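The structure under discussion appears below in the form of structure tokens.
The values are calculated or read from the model by the stated rules, or taken from the named source; none is laboratory data. Since this is a predicted model, take the numbers as computed values, not measurements. Quick reminder, even Gly has a Cβ in these numbers, built from the backbone with ideal geometry, and neighbours come from all protein chains shown. Heads up: the accessible areas ignore ligands, DNA and RNA and are worked out on the full protein's heavy atoms, side chains in. Shrake-Rupley method; radii C 1.70, N 1.55, O 1.52, S 1.80 Å.
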Amino acid sequence: MFAIQSEIAASVAEALRVPLGLDDASQLVTPTADLGAYDLYLAGRSKMRERGASLLEARDLFQAALARDSTWAPAWAALAEVEELRIWYGAAQPDDVSPSAFNAQALEASERAARRALELDPANSSAYVALGSVYRNRAEWQESEAAYLRALELDPDNPEAHQQYGEYLLNVGRISEAVRAMDRAAVLDPAPIRLGMLATALMDDGRFAESAETYELALERETTTEGKQIVLWRLAYRYALLDRWDDAARALNPVS
């Protein structure tokens, strides 16, 4: 299966004239010997893109993949990413732990998983994304940017790397750079979370109309009731800023 994947990826890249910079086509995928682990990993990646409560499912799927192959770096890196993401979503957090205590625990778990991934594969882009986010949440800005840039150096087409680096850039006030990073993430993977973060960056850049248009695209792609509600509220705010009061009212009171 992995030989076929490599062949297809190489053929597509050749047809699109994408400069891979690879000496060996086998570098296109990092397979595990356990196909069940690979399926669990893919399912986890899909759930992680949904955010919210789906992060718990993603974590369970990555842990299940590691139970089948504990030496597979991509699963460790994905687990590191999802552990960090959980601090941003109440639905993915336990009820019996204070937010501050949970955040510290989650960041520690994320860092441990990321470093394990790098022990197994020092060139794993997603592990550096997770480390960049851990450093960002600890306000270790130089270390954070270095990790994100390393992630992008290893995989320039990693949408999560572009998005998380964009969030770092928003934190440090480099708004125009953040817009470019978020836009690249959304081009690579137009999932609602990518579009939503691009809309946020555009908003911070004073581009209210473009921000609203981007959230309209996110609404079209959103599949969960919770996600749609969040997007509609944010759309209403942008419509209000644009004096589009009728649109704002409809967003706040959508027809079922």
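Side notes on the structure shown:
- Relative contact order of region 36-182, defined on C-alpha pairs under 8 angstrom at six or more residues apart (%): 17 percent
- Per-bin percent of Cα-Cα distances, region 177-256 [5 Å]: 3, 18, 28, 24, 17, 7, 2, 0
- Taking the chain as a Gaussian network of alpha-carbon nodes connected by springs under 10 Å, the highest mean-square fluctuation of the residues ALA130, ALA236, ALA218 belongs to ALA236.
- GNM result for the chain, Cα springs below 10 Å: residue of LEU66, LEU242, LEU107 fluctuating most strongly: LEU242
- For region 99-256, accessible area per residue (1.4 Å probe, heavy atoms of protein chains only), Å²: 50 Å²
- Shown here for region 86-129: chymotrypsin sites (Phe, Trp or Tyr not before Pro) in loop regions (DSSP other than H, G, I, E, B) with at most 16 other Cβ atoms within 10 Å, namely TYR89.
- Only protein heavy atoms count here; on that basis, with a 1.4 Å probe, THR224 has an accessible area of about 50 Å².
- Estimated FRET transfer efficiency (GLU220, LEU252; beta-carbon r; R0 25 Å; 0.05): 0.85
- Normalised contact order of the chain, rounded percent, pairs of Cα under 8 Å and 6 or more residues apart: 10 percent
- Centre separation in Å (Cα based) which lies between region 223-244 and region 132-177: 27 Å
- What region 40-85 shows is 35 Å² of accessible area per residue, with the surface traced by a 1.4 Å probe over protein heavy atoms.
- Largest GNM mean-square fluctuation across ALA53, ALA161, ALA114, computed for the chain with C-alpha springs under 10 Å, falls on ALA53.
- Extension gain, SER100 back to ALA139 (0.36 nm per residue minus Cα-Cα distance, nm): 12.5 nm
- Here the chain exposes an accessible surface that is 52 percent carbon and sulfur, computed with a 1.4 Å probe and the other protein chains kept in place.
- The chain - mean residue ellipticity at 222 nm from DSSP helices (-39,500 (n - 2.57) per run, n ≥ 4, rounded to 500): -23500 deg cm²/dmol
- Charge tally in the Cβ shell below 10 Å around ASP34, where Lys, Arg are +1 and Asp, Glu are -1, ASP34 excluded: -1
- Prolate/oblate/rounded label for region 148-220 (Cα gyration tensor, a/c 1.5): oblate
- Seen from every direction in turn and averaged, the convex hull around the alpha carbons of region 154-195 projects onto 2.6 nm².
- When the alpha-carbon atoms of the chain are used, the pair Rg, Dmax equals 19.1, 57 angstrom.
- Percentage, to the nearest whole number, of Cα pairs in region 49-107 over 15 Å apart: 47 percent
- Per residue, the convex hull volume that the Cα atoms of region 110-201 enclose (Å³): 84 Å³
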